[in-house]
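This report refers to the structure that appears directly beneath it.
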Amino acid sequence: MKLIDSNLACPSCQTALQPKVLACPSCDIKVEGPFQLNEFATLGQDDLHFLRIFVRCEGRIRDMESALGLSYPTIRARLSALKNRLTGEESAEGKPGNAEKPAEPPDAGRILQMLQAGEIPFDEAMKQIKRLRANPQ
């Protein structure tokens with residue numbers, strides 16, 4: 001039986017899908033109803049992998065550097081971003097009312113600077129650069 005990732009979006013409207021049926025593989029009983037996902041169930045595979053490494057390294061970021069092949073600032077930035085996703089907090093830049101006008105999307109040079117400074121993780125930098133390539137201005 002193929003397992004389905006619980007972090008899926010609706011193919012029609014892109015809203016997060018919610019579980020409605022739970023089944024026991026032993027006796028085949030099914031329970032239907034609205035189930036609430038915990039904050040970890042909504043994380044993507046990259047975040048779950050990062051969290052597993054964090055636990056395996058008992059929170060020692062220096063050990064995570066060698067395990068992930070990332071720099072200390074990059075790991076700190078990813079950890080901060082993961083904390084914000086789990087707690088529902090926004091970064092200072094993302095809070096409403098902090099800017100008079102919407103921020104301009106960074107160019108590739110700025111994205112690379114943020115990556116080098118450890119402000120964003122590699123995966124996020126790649127997403128932003130791909131987005132720039134797909135929508136040149």
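How many residues are touching a helix residue (DSSP H, G or I) at 6+ places or on another chain (Cβ under 8 Å), surrounded by fewer than 17 Cβ atoms within 10 Å (Cβ to Cβ) and free of Cβ contacts under 8 Å to residues at least 24 places away in the same chain when one looks only at region 62-92? Break it down stepwise before answering.
First pass over region 62-92, keeping only residues touching a helix residue (DSSP H, G or I) at 6+ places or on another chain (Cβ under 8 Å): 62, 64-65, 67-68, 70-72, 74-76, 78-79, 81-82, 85, 89-91.
Now restrict to residues that are surrounded by fewer than 17 Cβ atoms within 10 Å (Cβ to Cβ): 62, 65, 67, 71-72, 76, 85, 89-91.
Next, from what is left, pick out any that are free of Cβ contacts under 8 Å to residues at least 24 places away in the same chain: 62, 65, 67, 89-91.
Final tally of qualifying residues: 6.
The listed residues are 96, 34, and the only one of them that is within 30 Å of residue 10 (Cβ to Cβ), loosely packed, with under 15 Cβ neighbours inside 10 Å and at pLDDT below 80 turns out to be 96. Could you grab me the full set of residues in region 46-61 that are surrounded by 14 or more Cβ atoms within 10 Å (Cβ to Cβ) and either touching a residue at least 24 places away in the same chain (Cβ under 8 Å) or charged (D, E, K, R) (or both)? Within region 46-61, 46, 47, 50, 51, 54 qualify.
If you check 71, 80, 91 for being within 19 Å of the chain's Cα centre (by Cα), modelled with pLDDT under 80 and of a type outside the set (Phe, Trp, Tyr), only one passes: 91.
The values are calculated or read from the model by the stated rules, or taken from the named source; none is laboratory data. Remember, predicted model here, so these are calculated numbers, not experimental data. We place every Cβ from the backbone using ideal geometry, glycine too, and count neighbours over all the protein chains shown.
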